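A.B. asks: This is the structure, below, for whatever I ask next.
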Amino acid sequence: MRLPSKTGPDYRAAAVGWRFERPCEHYALVTLRTPRTSDVRVVSAAGARSASIDGLLVAAWIALCAAGIVGCGERTAVERGEELFRDPRLSPSPTSSVSCRTCHTPGPATADEILPGGSLAGVVGRPTFWGGRVRDLRQAINDCLRFFMRHPSEEGLTETDPDGLDLLAYLESLGTEPSEPVPFTVPLDVVDLTPGDAARGEPIYDAACRTCHGAPHTGRGRLVAQAAVIPEDTITEHAELARAFTVAKVRHAQFFGIGGDMPPFSLEVLSDEQLSDLVAYLGY
Ligand code: HEC
Ligand code: HEC
């Protein structure tokens with residue numbers, strides 16, 4: 001599929017009709033919003049002062065930009081979008097520490113990562129998302145912001161949100177050819193699994209769980225402060241049902257009435273065999 005040039009104001013994204021804005025105005029909007037977490041995190045007077053100096057510099061820069069004295073296109077929308085993809089602050093929640101990149105790769109899958117979200121290479125060309133449950137790309141992303149990144153609103157990125165447009169430009173740079181939906185099978189009935197091979201389970205834990213939960217038994221190095229110390233927290237809470245609960249948690253995560261922030265691992269991403277090796281490694 002041939003897309004129109006990305007430079008005109010009327011450029012439209014292939015899949016969703018998010019409207020692309022002229023880069024100069026667009027950059028000004030994004031810059032004005034930085035530092036984006038100042039409202040929730042900057043508490044010291046020094047921080048407030050430097051934020052207001054930043055504001056003055058930004059205003060001066062925008063004036064020069066509008067007068068055509070300085071160039072505005074130094075960082076492309078794609079580059080800004082890639083930064084946002086890796087930045088937990090895309091969600092305004094001060095207690096979210098995960099970014100899109102925590103759960104999705106922009107390229108082909110590699111052996112050292114088992115990510116709950118699929119690869120986003122070519123995502124713009126897919127007809128449906130979330131295993132066919134969602135038809136709109138922006139909604140698919142807003143679901144992630146709300147479920148996993150603690151975004152307080154259902155419509156995290158509106159159609160005109162500059163961050164959303166930058167993110168879209170980045171996703172488009174990963175390919176726009178029409179492609180097949182990515183399967184995402186979450187079993188409705190989760191059955192307990194007999195423990196498999198603990199030695200095989202260790203690299204599976206490292207690839208799938210360690211980023212958020214840190215080291216087993218201690219949680220050392222964990223990314224997410226709210227992530228449980230496994231398996232101890234689960235054993236404390238669920239006693240002899242701890243293994244069955246872990247299997248259910250990995251498959252259903254926060255859905256089906258469980259609650260929390262964790263993402264579900266589908267059968268395509270993590271097989272039952274891998275999951276039984278994992279619970280053996282955790283010592284259930
Ligand atoms: C905590 C993990 C997690 C985070 C963080 C996350 N996602 Fe997701 N995302 C998922 C899961 C799980 C799915 C459902 C499986 C799938 O379709 O890839 C999903 C689905 C998607 C889909 C639909 C893909 C498809 O083809 O079905 C898109 C697009 C997407 N996410 C984009 C994003 C973007 C952009 C961000 C950052 C704003 C983000 N996600 C943050 C886990 C996450
Ligand atoms: C994107 C981050 C993330 C990933 C990846 C992740 N978890 Fe979690 N997990 C969490 C968070 C946050 C919690 C606490 C909130 C909740 O219950 O959802 C949690 C909770 C849990 C619990 C519940 C503990 C209890 O008893 O309350 C279990 C069990 C668990 N995770 C197992 C796993 C396993 C096994 C993996 C790897 C297959 C994994 N998690 C991958 C973020 C993650």
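A.B. asks: May I ask you to list the residues in region 159-183 that are within 13 Å of ligand 1 (Cβ to nearest atom) and touching a strand residue (DSSP E or B) at 6+ places or on another chain (Cβ under 9 Å)?
C.D. replies: Once the filter is applied, which keeps residues that are within 13 Å of ligand 1 (Cβ to nearest atom) and touching a strand residue (DSSP E or B) at 6+ places or on another chain (Cβ under 9 Å), region 159-183 yields Leu165, Pro181, Val182.
A.B. asks: Within region 220-227, is even one residue touching a Leu at 6+ places or on another chain (Cβ under 7 Å), within 25 Å of Met149 (Cα to Cα), within 12 Å of ligand 1 (Cβ to nearest atom) and not assigned by TED's automatic domain parsing to the domain that holds Ser93?
C.D. replies: For region 220-227, residues touching a Leu at 6+ places or on another chain (Cβ under 7 Å), within 25 Å of Met149 (Cα to Cα), within 12 Å of ligand 1 (Cβ to nearest atom) and not assigned by TED's automatic domain parsing to the domain that holds Ser93: absent.
A.B. asks: Out of Glu273, Glu232, Glu268, which single residue is modelled with pLDDT of 95 or more, surrounded by fewer than 18 Cβ atoms within 10 Å (Cβ to Cβ) and within 16 Å of ligand 1 (Cβ to nearest atom)? Step through it out loud before you land on a result.
C.D. replies: Details: Glu273 fails: within 16 Å of ligand 1 (Cβ to nearest atom); Glu232 fails: within 16 Å of ligand 1 (Cβ to nearest atom).
Just a single option satisfies the conditions, and that option is Glu268.
A.B. asks: Across region 125-158, which residue is farthest from ligand 1 (Cβ to nearest atom) among those that are among the β-branched types (Val, Ile, Thr) and not in a loop (DSSP other than H, G, I, E, B)?
C.D. replies: Filtering region 125-158 down to residues among the β-branched types (Val, Ile, Thr) leaves 128, 134, 141, 158.
Now restrict to residues that are not in a loop (DSSP other than H, G, I, E, B): 134, 141.
Values: Val134: 7, Ile141: 4 Å.
Only one residue tops the list, namely Val134.
A.B. asks: Quick one: which residue in Asp206, Asp189 is among the charged types (D, E, K, R), modelled with pLDDT of 95 or more and closer than 27 Å to Ile258 by Cβ?
C.D. replies: Selected residue: Asp206, the only one of Asp206, Asp189 that is among the charged types (D, E, K, R), modelled with pLDDT of 95 or more and closer than 27 Å to Ile258 by Cβ.
The values are calculated or read from the model by the stated rules, or taken from the named source; none is laboratory data. Source: prediction; values computed, not measured. Positions of Cβ are backbone-derived with ideal geometry, glycine not excepted, and every protein chain shown enters the neighbour counts.
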